[in-house]
Each structure stands twice: as C-alpha cells, then as structure tokens.
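The values are calculated or read from the model by the stated rules, or taken from the named source; none is laboratory data. Bear in mind that the values here come from a model prediction, so they are computed numbers and not experimental data. Here the Cβ positions follow ideal geometry from the backbone for every residue, glycine too, while neighbour counts run over all protein chains shown.
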Amino acid sequence: MTRTYRLLLTGLGNVGRSFLQLMISQADLLRERHGARLLLVGATDSRGAALAPEGLDPAALLAHKAAGGSVATFPGSGRPGLGGAELVRAVEAEILLEATPVNLTDGEPGLSTAMAALRRGMHAVLANKGPLALAYAELAGLSDMAEPSEERGSQKDWPALRFSACVGGAMPTINIGRRDMAGARILRAEAVLNGTTQGILRMMEEGVSYQEALAEMQRRGLAETDPTLDVEGWDAANKLVIFANAVLRQPTSLRDVAVEGITGLTAEELLAAGARGERIVLLGLAEGGEAGRPYQLSVRPTALPQNHPLARIGGDEMGIVYHTDIAGRLSVATREPDPVPTAAAMLRDVLEIASRDA
Ligand SMILES: NC(=O)c1ccc[n+]([C@@H]2O[C@H](COP(=O)([O-])OP(=O)(O)OC[C@H]3O[C@@H](n4cnc5c(N)ncnc54)[C@H](OP(=O)(O)O)[C@@H]3O)[C@@H](O)[C@H]2O)c1
C-alpha cells in the first residue's frame, strides 16, 4: 500500500531546489522501499508562495525558478506576498520542510513558520539552524523533542521536530548522538561542522587566496546566504548549540559558546602548522564543564596533530568524534561537494516521520 505525505517547502534556494530534485529522482525508490509518495502542496521563496492541494509539479517549479521566476508568479497557483507561516495556516499538509536563510537577529521567517506548523500539529523538518539556535526549548516544547514527562503523555501525541540536516548535512550527527549512543555518556565531542571554512582552509594550503576560496564555496552552493556566518564561526556555533541541546541535553544558547572564526588566519600560519606536523581546522568542542553544566563549548581555529581523525578529512568533508564512557571513540565523516546531501538528510527525516506515523 502506498501512503501519500503532503509537504510544504519554505525556501527554494540551493537546498530547497535540491529537495525538489530528490522528489523526482527518488520517487520510485520511496514507493517501492517505503510505500511513500511525497506530494508538494505548497512552497515559498522570498517573493511569496504557490499552493495547490492537488499538488505542485516539482519539475515545473524547478524550471520556473531556473528561468528566474518566483513561486509567487507560478501559473495558476502563485500568491504574491504570502509567507511561510500564512502558508502553513492556509493549507492542509502533514510535514513542513523549512529551508529559508539563517537569521540570527530574530530567527525569521523560519521561526514563525516552524512554530505555526507545530502549533497546528504539523510535523516540521528544518534545514535552517536559526530557529533552533535561538529558540530550541520553545520548539522542542511544542514537539516530540521535549524530554518525556507524565504531564506530556506519549511522545507520539506531539508533532515530530527533526533537524538532522542542521548539524553536518547528511552526516547523522544528531541521530548517532540521540539513538546510537543510547546508554552511553558523551565525555567530549570534537567536530568540524562548517564545510565552507573547511574548504577555504584546505584551498588556502594549496595556494588559493582567501577571497577566491570563499567565492568557490559560494559557487558550489555550500556557503550560507550571508557567508560571514561561516567565516566568523557562527554557523559552526549554531550547530554546536543545537548539538548541545539535542544530544548533550545541556540547555544552551549562542551566548554559551566562545566563538572565533577564520578571518584572522593567514596562509603562512596554515603552512607553518603543516611543517610542525599539524593541521588547523575550525574546531567545535564540547568538553570539561562543571557539576550541573558538564560541557564548555567553543568554536575556534585549532591545530590538531596530523593523525587526528579531523586533521585527516579533506576540503569537502565535515566530521565529528564522540569520546564516550562505554561506547569507545566513534569518528564519522561526510563528503559533501554540493547541497544534495543536505536535502538527502531532510528526506531521511521525512521517512523517519513516515515510519513513526505508520
Ligand atoms: N547550502 C547548504 O549546503 C546548506 C547545508 C545545511 C543547511 N543549510 C541551510 O539551509 C537553508 C537554506 O540554504 P540555501 O543554501 O538553500 O540558501 P539560499 O540558496 O540562499 O536560498 C534561500 C531560499 O530562501 C528564500 N528566502 C530568502 N529570504 C526569504 C524570506 N525573508 N522569506 C522567505 N523566503 C526567503 C530565497 O528566495 P529566492 O529564491 O526568491 O531568492 C531562496 O529560495 C539555510 O538556513 C542554510 O543554513 C544549507
């Protein structure tokens, strides 16, 4: 039996358009392996929305965007000026997919859209870190991500909130930490979570200038809409905040992270580290806190010995090392040359929700 899941997709940039491509390329696999059919009933970009209860054609939407159009002018279903939160309230759907840009001032428009969905009982899958970095507790409290309690009843009574794309793209950072480390304590976590700075640092070692390297990461669709979030360390800090809340279960905000980016680093410093047998990465670290607050959090350029798992990863990779009490030391890396694996992580979340609700 095939079950249809109606989706809303806010944001049709590098990630949103990659998700539309996956709706086309993976449709047969989803039906055969998971008995699932995905139907897009609404989408937004910066100029408005398109909505159609009978479904929007992903290929036609992609062609319309590629030709420079906006969903607001999509023939027959465009609604100029309609935002994500209004779309969520206007259309019946099972799952919201949120992929608008990170906004660390107030989280908008993603925060209102995600809140509106969860308040309506709609599941939410986020690629946008901003709402989670600014309002993790509020979002979790409206969803199955809150810690269980008698008053809340069964977790299944709450809409699902998933965000595995937010912390390392297709690298299952959150899933490993929450599911596969069950029963273990994470004593220390080290991570390279920002692909843009990893790419820039490795290119600078090869003689490419900082500006050229940043432009290349933007060309690949991997940089943030506002790339200062990458190079000044805030994207990695956002991910660490989400990781600390969701996996380490330490209530954390951006204020709790010591942040330093890569803009002060020179090619000479990178090469000098290499000559010493070290490699500089933008390292996110959770370790050594105090009673009641077991983790101190930081993001800063750090020289690692060249045999460290995170010193060995390449310019289009991210990675994490979990040091645990009973599950050993687990290292994971992901190679992501474009935004497709991030869209694949959103698809993974959609399928997890589908199996939860089956
Ligand atoms: N790129 C990656 O590899 C990657 C990886 C993990 C997570 N993410 C996250 O995924 C999200 C999207 O990234 P992206 O690379 O796809 O960004 P992007 O290419 O800049 O696309 C952003 C999309 O959001 C729309 N948008 C911009 N401002 C808006 C507003 N105020 N209201 C409604 N829509 C708005 C844009 O509209 P127009 O089409 O009209 O410009 C565009 O469709 C970000 O939160 C990012 O942090 C990205």
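Restricting attention to the range 245-279, report how many residues are farther than 28 Å from Phe163 by Cα and without any contact (Cβ under 8 Å) to a residue 60 or more places away in the chain. Quick ask: steps written out before the conclusion?
So the first thing to find is which residues in the range 245-279 are farther than 28 Å from Phe163 by Cα, and the list is 263-279.
Subset that is without any contact (Cβ under 8 Å) to a residue 60 or more places away in the chain: 263-264, 266, 268-269, 272-273, 275-279.
Result for the range 245-279: 12.
Among the residues of the range 147-183, write down those that are in contact with a Pro (Cβ under 9 Å, 6 or more places away or on another chain) and in a helix (DSSP H, G or I).
Those that are in contact with a Pro (Cβ under 9 Å, 6 or more places away or on another chain) and in a helix (DSSP H, G or I): Gln155, Ser164, Ala165, Arg179, Asp180.
Results for (1) touching a helix residue (DSSP H, G or I) at 6+ places or on another chain (Cβ under 8 Å); (2) within 12 Å of the ligand (Cβ to nearest atom); (3) farther than 19 Å from Ala345 by Cα, shown as yes or no for each residue.
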site	(1), (2), (3)
Ala135	yes, no, yes
Gly141	no, no, yes
Glu151	no, no, yes
Ser154	no, no, yes
Asp157	no, no, yes
Ser164	yes, yes, no
Arg178	yes, no, no
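Looking at Pro337 and the list (1) within 30 Å of Arg6 (Cα to Cα); (2) within 16 Å of the ligand (Cβ to nearest atom); (3) crowded, with 17+ Cβ neighbours inside 10 Å, which single condition is not satisfied?
Going through the list (1) within 30 Å of Arg6 (Cα to Cα); (2) within 16 Å of the ligand (Cβ to nearest atom); (3) crowded, with 17+ Cβ neighbours inside 10 Å, Pro337 breaks only (3).
Listed here are the residues, each with its yes/no results for (1) of a type in the set (Val, Ile, Thr); (2) touching a helix residue (DSSP H, G or I) at 6+ places or on another chain (Cβ under 6 Å).
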| residue | (1), (2) |
| --- | --- |
| Phe19 | no, yes |
| Asp28 | no, no |
| Thr44 | yes, yes |
| Ala60 | no, no |
| Val88 | yes, yes |
| Pro101 | no, no |
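Pull out all pairs, ordered by first then second residue, where Cβ-Cβ is under 8 Å, the residues are six or more apart or on different chains, the first lies in the range 208-231 and is within 14 Å of the ligand (Cβ to nearest atom), and the second is part of a helix (DSSP H, G or I) and among the acidic types (Asp, Glu).
If the second residue must be part of a helix (DSSP H, G or I) and among the acidic types (Asp, Glu), the pairs left are Met217/Asp230; Ala223/Asp230; Glu224/Asp230; Glu224/Asp235; Leu229/Asp235.
Those residues that are farther than 28 Å from Arg185 by Cβ and within 14 Å of the ligand (Cβ to nearest atom), I need them from the range 232-260; list them, please.
Of everything in the range 232-260, just one residue is farther than 28 Å from Arg185 by Cβ and within 14 Å of the ligand (Cβ to nearest atom), namely Trp234.
With the requirement that a residue be small (Gly, Ala, Ser), within 13 Å of the ligand (Cβ to nearest atom) and within 16 Å of Arg348 (Cβ to Cβ), what does the range 90-131 give you?
Taking the range 90-131 first, the residues small (Gly, Ala, Ser) are 90, 93, 99, 107, 110, 112, 114, 116-117, 121, 124, 127, 130.
From what's left, within 13 Å of the ligand (Cβ to nearest atom): 99, 107, 110, 112, 114, 127, 130.
Within the range 90-131, Ala99, Ala127 meet the criteria.
Is it true that Ala43 is touching a Leu at 6+ places or on another chain (Cβ under 8 Å), closer than 15 Å to Ala72 by Cα, modelled with pLDDT of 95 or more and buried (at least 17 other Cβ atoms within 10 Å of the Cβ)?
Numbers: touching a Leu at 6+ places or on another chain (Cβ under 8 Å): yes; closer than 15 Å to Ala72 by Cα: yes; modelled with pLDDT of 95 or more: yes; buried (at least 17 other Cβ atoms within 10 Å of the Cβ): yes.
Answer is yes for this residue.
This table checks each residue for (1) in contact (Cβ under 8 Å) with a residue 60 or more places away in the chain; (2) surrounded by fewer than 16 Cβ atoms within 10 Å (Cβ to Cβ); (3) out of contact with any strand residue (DSSP E or B) (no Cβ under 8 Å at 6 or more places or on another chain).
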{"position": "Ala66", "(1), (2), (3)": "no, yes, yes"}
{"position": "Ala72", "(1), (2), (3)": "no, no, no"}
{"position": "Arg79", "(1), (2), (3)": "no, no, no"}
{"position": "Leu97", "(1), (2), (3)": "yes, no, no"}
{"position": "Val102", "(1), (2), (3)": "yes, no, yes"}
{"position": "Leu111", "(1), (2), (3)": "no, no, yes"}
{"position": "Ala114", "(1), (2), (3)": "no, no, no"}
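Every residue in the range 1-12 that is of a type outside the set (S, T, N, Q) and surrounded by fewer than 17 Cβ atoms within 10 Å (Cβ to Cβ), please. Even if it seems obvious, please write down each step before you answer.
At the first step, the residues of the range 1-12 found to be of a type outside the set (S, T, N, Q) are 1, 3, 5-9, 11-12.
Within the range 1-12, Met1, Arg3 meet the criteria.
Restricting to the range 82-119, and then to whatever is of a type in the set (D, E, K, R) and assigned to a helix (DSSP H, G or I), can you tell me which residue is nearest to Arg6 (Cα to Cα)?
Pass one, the range 82-119, residues of a type in the set (D, E, K, R): 86, 89, 92, 94, 98, 106, 108, 119.
Next cut, assigned to a helix (DSSP H, G or I) only: 86, 89, 119.
Numbers: Glu86: 17, Arg89: 14, Arg119: 17 Å.
Checked the range 82-119; the qualifying residue nearest to Arg6 (Cα to Cα) is Arg89.
Only residues that are over 17 Å from Thr228 (Cβ atoms) and either at pLDDT below 95 or buried (at least 24 other Cβ atoms within 10 Å of the Cβ) (or both): list them for the range 190-203, please. Talk me through it step by step, then tell me what you get.
Restricting attention to the range 190-203, the residues satisfying the condition of being over 17 Å from Thr228 (Cβ atoms) are 190-192, 202-203.
Listed by number, the residues that qualify are Ala191, Val192.
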